[in-house]
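See structure below.
The values are calculated or read from the model by the stated rules, or taken from the named source; none is laboratory data. Everything numeric in this text was worked out from a predicted model, so none of it was measured. Here the Cβ positions follow ideal geometry from the backbone for every residue, glycine too, while neighbour counts run over all protein chains shown. Surface areas here come from the heavy atoms of the whole protein model, side chains and all, with no ligands, DNA or RNA. Shrake-Rupley method; radii C 1.70, N 1.55, O 1.52, S 1.80 Å.
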Amino acid sequence: MSGRFQAGEAVWVELATPDPDKVEPFYRALLGWTVRAERLGATTYRMCGIDGRDVAGISDAAALHAGRPRGWIVYFAVDDVSRSASRAVQLGGELVTPPRYLPAAGTGAVVIDPFGAAFGLYQGESRTGVQLLNSVGALCWNELNTGEPAASVSYYRSLFGYVTRRTTDTPTARPYTLLMLGDVAVAGVLALDNEWPNLIPAKWITYFAVDSLDDALRRVCALGGTPTVGPVRSPYGRLHLVKDPGGHSLCLIQLDGGLRPGHDSSPRR
């Protein structure tokens, strides 16, 4: 990968769960992750990697985020996490995890947007973000599912300075809005099928690449997970929404090509 992450890009994903021991074996077996323990205050942060490159984290939701939120959290790069956290609240979000310095990494915070979706803010230092994208077992896309797409897009545009583009050439092959930095798409916003606005809380969905979707779905079932929505044929490959044994949603996609631009998140000397 080449290049640094820009402010506003999705740079890290973390599974906040009340029972890390329950879900860790699922991801090891499904995505081929190795996991190492890192001390974070009074708790343990599980750093997940592929071939020695960091791709995700697993945290104890109660210890790190006071029990909320739960599920996959996408962290966006910011230049000043304290200023961005204040701005996120001014725009109507709720700060649930105030900015906290993470040794050998940077400073992170977690916010719930006005429509219920949890996301993180991250000011990277020695660890600027994921070290692998678009590869088997690694992050390849992030998508906001929301019952109020126009208001949600307005919130994230105001916070991160995105420009937007409506398209059908997307991972879901359905019309939705791309959030863009310049001419680079960094995330998508999909309208939920809601009869009333905000009936279903919004949620960020993390996409991970797999070598074979059919094989991955068989492993999901064997490992105690549940396939939910799919398979869907998209311009970028077949995909399927699933839940892990803890009930946390994620999307698996058999990529025909890359979804995210490549980056090198290793420290520059």
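Tabulated data for the structure shown
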quantity	calculated
Per residue accessible area in Å² of the chain, where ligands, DNA and RNA are left out and the probe is 1.4 Å	42 Å²
Karplus-derived HN-Hα couplings along segment 138-145 (A = 6.51, B = -1.76, C = 1.60, θ = phi - 60°), whole Hz, x at Gly and Pro	10, 4, 9, 6, 9, 9, 8, 9
Additional length obtainable on full extension of the chain from ALA150 to ALA37, 0.36 nm per residue less Cα span	36.7 nm
Estimated dipole of the chain in Debye, rounded to 20 [Cβ of Lys and Arg +1, of Asp and Glu -1, Cα centre]	240 debye
Mean Cα-pair separation over length for the chain, i.e. relative contact order, pairs under 8 Å, 6 or more apart, %	20 percent
Heavy-atom accessible surface of the chain: percent carbon and sulfur, 1.4 Å	49 percent
Alpha-carbon centroids, segment 177-193 and segment 211-232: separation in whole Å	26 Å
Additional length obtainable on full extension of the chain from ARG166 to ARG53, 0.36 nm per residue less Cα span	37.3 nm
MRE, 222 nm, helices only [DSSP H, n ≥ 4, -39500 (n - 2.57), over the chain, to nearest 500]	-5500 deg cm²/dmol
